[in-house]
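Report on the following structure.
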Amino acid sequence: MKRRSLLQMTPGAVLGLSACSLKDSAVAPLSTAPVTPPQSVKIPANTQYRPPAYANQGLRNPDVNLPSNFSGSAITYSRGSSAYKNVAMTFDDGPHPTNTPRLLDMLRKRNIRATFYVIGGNVDRYPHIARRIVAEGHEIGNHTYTHRKLTSLSDSEVRKEMRRTEDAIIRATGVKPRTMRPPYGALLQRQRSAVYSEFGYPTIMWSVDPQDWKRPGPSVVTSRILAGAGNGAIILAHDLHAPTVTAMPGTFDGLLSRGYQFITVSQLLAQKG
Ligand code: NI
């Protein structure tokens, strides 16, 4: 999510905009064949990550033991159940070589699990950071390989973006992503259905957008998230941007002090029943 024209719109506006295009695509539609389970993958043994030791001081997310099986889900989500005081933090466009490790330290210190919508090209560039994301209990999701606007791509190009990224994530982490987020929030309804059928990914939008990619300053990012958060919120942020990461200790502690519990997107979807 970083292109000005789209990010100034609400998710709803993006949906409206995405009603156009792909008309000229002469490519066969995405298949509706059942999702194939991933092959088990061996992670190279020479790249073990050892997290730093922390004294667990200050605010701490409670230990969460919630199911993350959301089978039978809808095709698109922008929030979870409002019945529980849970939120899901999501971080897009990484992994980034310095910002993502700094963010992971902050999360670990507070026992918070987040969801990372990674770009496949970055996963191939920094596979050790993708491995650390998964090793520390976070969820990893598909944010395409090249971060192009999918509404202007053919079905075969969309499939390639999804497949290359899924392959990169599995190669790096041994884990298959379970959800996707389209760059700029742009994905046609027809494409969402096809991606869900072929890859098993529901499309994950958001309910809180602090517009952090415009770099308004860490304190503004924090206050926007605290103002927008509510039960079941899916919060959009970008670990690509250093000021966003700088905003996170205040954001995390602010939400914890208000009684919110952090869970992953899959856990949030599973709560929908
Ligand atoms: Ni993005």
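The values are calculated or read from the model by the stated rules, or taken from the named source; none is laboratory data. Since the structure is predicted, the reported quantities are computational estimates derived from the model, not experimental observations. FYI the Cβ positions are ideal-geometry reconstructions off the backbone, even for glycines, and counts take in every protein chain you see. We work out accessible area using only protein heavy atoms, side chains counted, and drop any ligands, DNA or RNA first. Shrake-Rupley method; radii C 1.70, N 1.55, O 1.52, S 1.80 Å.
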TODO: State whether the residues of segment 64-76 include one that is within 16 Å of the ligand (Cβ to nearest atom) and under 19 Å from LEU236 (Cβ atoms).
DONE: no
- [ ] Keeping to segment 111-138, report how many residues are open to solvent by 10 Å² or more (accessible area, probe 1.4 Å), within 16 Å of the ligand (Cβ to nearest atom) and either within 15 Å of the chain's Cα centre (by Cα) or in contact (Cβ under 8 Å) with a residue 60 or more places away in the chain (or both).
- [x] 2
TODO: Return yes or no: is GLY200 open to solvent by less than 40 Å² (accessible area, probe 1.4 Å) and out of contact with any Lys or Arg (no Cβ under 9 Å at 6 or more places or on another chain)?
DONE: no
TODO: Quickly run through segment 251-266 and pick out the residues that are in a helix (DSSP H, G or I), buried (at least 20 other Cβ atoms within 10 Å of the Cβ) and away from the ligand (no atom under 16 Å from the Cβ).
DONE: THR251, PHE252, LEU255, SER266
Task: Subset of segment 101-128 that is in contact with a strand residue (DSSP E or B) (Cβ under 7 Å, 6 or more places away or on another chain) and of a type in the set (Val, Ile, Thr) - its residue that is farthest from MET248 (Cα to Cα) - done: VAL118
Open item on the list: Please verify whether ARG148 is assigned to a helix (DSSP H, G or I) and surrounded by fewer than 23 Cβ atoms within 10 Å (Cβ to Cβ), treating the condition exactly as stated.
Closed with: no
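Give the residues of segment 79-110 that are within 16 Å of the ligand (Cβ to nearest atom) and part of a loop (DSSP other than H, G, I, E, B), sorted by residue number. Give the derivation first.
We begin by selecting, within segment 79-110, every residue within 16 Å of the ligand (Cβ to nearest atom); these are 89-96, 99-100, 103.
Scanning segment 79-110 gives ASP93, GLY94, PRO95, HIS96.
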Open item on the list: Looking at the structure I just gave you, is ALA186 surrounded by 23 or more Cβ atoms within 10 Å (Cβ to Cβ) and within 22 Å of ASN122 (Cα to Cα)?
Closed with: no
- [ ] Can you tell me which residue among ARG215, ARG224 is more than 30 Å from ARG164 (Cβ to Cβ), over 15 Å from the mean Cα position of the chain (by Cα) and of a type in the set (Lys, Arg)?
- [x] ARG224
Task: Residue count, segment 169-193 (criterion: in contact with an Asp or Glu (Cβ under 7 Å, 6 or more places away or on another chain) and away from the ligand (no atom under 16 Å from the Cβ)) - done: 1
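Applying the selection to segment 222-250, what residues are open to solvent by less than 10 Å² (accessible area, probe 1.4 Å), away from the ligand (no atom under 16 Å from the Cβ) and not in a loop (DSSP other than H, G, I, E, B)?
ILE225, ALA233, ALA247, MET248, listed by residue number.
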- [ ] Kindly indicate whether ASP155 is touching a Leu at 6+ places or on another chain (Cβ under 6 Å) and more than 12 Å from the ligand (Cβ to nearest atom).
- [x] yes
Open item on the list: When you check ARG148 against the structure, is it more than 16 Å from the ligand (Cβ to nearest atom), of a type in the set (Lys, Arg) and in contact with a Pro (Cβ under 8 Å, 6 or more places away or on another chain), yes or no?
Closed with: no
Open item on the list: Can you pull out every residue in segment 207-221 that is open to solvent by 20 Å² or more (accessible area, probe 1.4 Å), within 16 Å of the ligand (Cβ to nearest atom) and in a helix (DSSP H, G or I)?
Closed with: TRP213, LYS214
TODO: Please specify each residue of segment 160-206 satisfying the condition of being part of a loop (DSSP other than H, G, I, E, B) and within 13 Å of the chain's Cα centre (by Cα).
DONE: PRO177, ARG178, THR179, ARG181, PRO182, TYR201, PRO202, MET205, TRP206
